[in-house]
Amino acid sequence: MPQYIFVNEVVREPRMHYYKVPRLGSYLAVRLEYDSCMLQAALDAGVADFLDSRTKRKEQEEERKNFDEAQRELKEQKEADGEEFIPEKKEWPEIETQAYKTQKVQFVVCLNTLGQDREFTEDEVKFALRKTQFYRDVWEKIETNNLKEDIEKRVAQIEPDRFYRETLEQLDIAELEKLVEEQTAPKEGDQFSEEQKMALQRKIKFQLLTKGFYSPDDALAHRTKIEKERIRTSGNKSAEEIAREEAMDASKYIPLVPEQWRQKL
């Protein structure tokens, strides 16, 4: 049970302070203290521990497969040689995530019967203590569940970012540099100093970056729309042929499509 202070008669307790006219009754103050994990440090540490635990589980699973395969080959060899096979026993410890970081949070639940000229009964005191303890347990559970969801969301955001940086970022950079070079290529009669050319390149690069998004589905829809408009004017291919070609090319990575977002989102 939580700690508490119980004053039977408030008018007989000199330490009591009244903001208005004193009234007859009793006073109960219950300490509400719980471990809060709603911290930025807890989130960062939880994400790091989640990724570390997942990596260790994968390594353990791979080690277990190799061990089972080695045992199977050894068994076949022993049986072929007519020898008795005694399997090796190996313990595989369960890899669990660490407990979340927490800090103490303290409140005081205050109740009184001022104006009723009566004391709290024993049942009422027990009810207040149990209810305060219930609040503590529920708050800890809710915060733990919320932190767990936040960690899962953060990890889910990390994976696409990591995939993009490792596989697609260089494609975007190459395409961006190509577009910048094409748009800053000197035309007949143009005379730019090296400083002016670099400033123009930075400006165009910034404009392209603000227009370019990685979204293959929307890029595919955009290209299909452009092709249909071209077919409508030229009549070289049918819409079915265009749709078939686009479906075959749907898995291709589409970097930086400046015209992709012509319509307002």
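Identify all residues within region 1-58 that are in a helix (DSSP H, G or I), more than 27 Å from residue 142 (Cβ to Cβ) and in contact with a Phe, Trp or Tyr (Cβ under 7 Å, 6 or more places away or on another chain); write none if there are none.
Within region 1-58, just 10 meets the criteria.
With respect to residue 82, determine if the residue is on the phi > 0 side of the Ramachandran plot and either in contact (Cβ under 8 Å) with a residue 60 or more places away in the chain or not hydrophobic (A, V, I, L, M, F, W, C) (or both).
Judged against the criteria, residue 82 is a match.
If I go through region 105-137 residue by residue, how many of them are within 28 Å of residue 35 (Cα to Cα) and of a type in the set (Asp, Glu)?
Residues in region 105-137 being within 28 Å of residue 35 (Cα to Cα) and of a type in the set (Asp, Glu): 3 in total.
If I ask for residues that are more than 30 Å from residue 23 (Cβ to Cβ) and touching a residue at least 24 places away in the same chain (Cβ under 8 Å), which ones from region 99-135 would you list?
100, 101, 102, 103, 104, 105
Here is a yes/no grid of residues against (1) touching a Leu at 6+ places or on another chain (Cβ under 9 Å); (2) closer than 30 Å to residue 45 by Cα:
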| site | (1), (2) |
| --- | --- |
| 142 | no, yes |
| 152 | no, yes |
| 155 | yes, yes |
| 161 | no, yes |
| 173 | no, no |
| 181 | no, no |
| 198 | no, no |
| 203 | no, no |
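Of everything in region 143-199 that's surrounded by 12 or more Cβ atoms within 10 Å (Cβ to Cβ) and not in a helix (DSSP H, G or I), which residue is modelled with the highest pLDDT?
184
Could you grab me the full set of residues in region 91-130 that are of a type in the set (Lys, Arg) and either surrounded by 14 or more Cβ atoms within 10 Å (Cβ to Cβ) or out of contact with any strand residue (DSSP E or B) (no Cβ under 8 Å at 6 or more places or on another chain) (or both)?
Selection gives 101, 118, 126, 130.
Condition test on residue 33, is it in contact with a Lys or Arg (Cβ under 9 Å, 6 or more places away or on another chain), of a type in the set (D, E, K, R) and surrounded by 12 or more Cβ atoms within 10 Å (Cβ to Cβ)?
When the stated conditions are applied, residue 33 passes them.
Answer yes if at least one residue in region 42-53 is surrounded by 12 or more Cβ atoms within 10 Å (Cβ to Cβ), under 30 Å from residue 1 (Cβ atoms) and touching a Ser or Thr at 6+ places or on another chain (Cβ under 9 Å), and no otherwise.
yes
The values are calculated or read from the model by the stated rules, or taken from the named source; none is laboratory data. None of the values given here were measured: they were computed from a predicted structure. Positions of Cβ are generated from backbone atoms using ideal geometry, with glycine treated the same way; all protein chains shown enter the neighbour counts.
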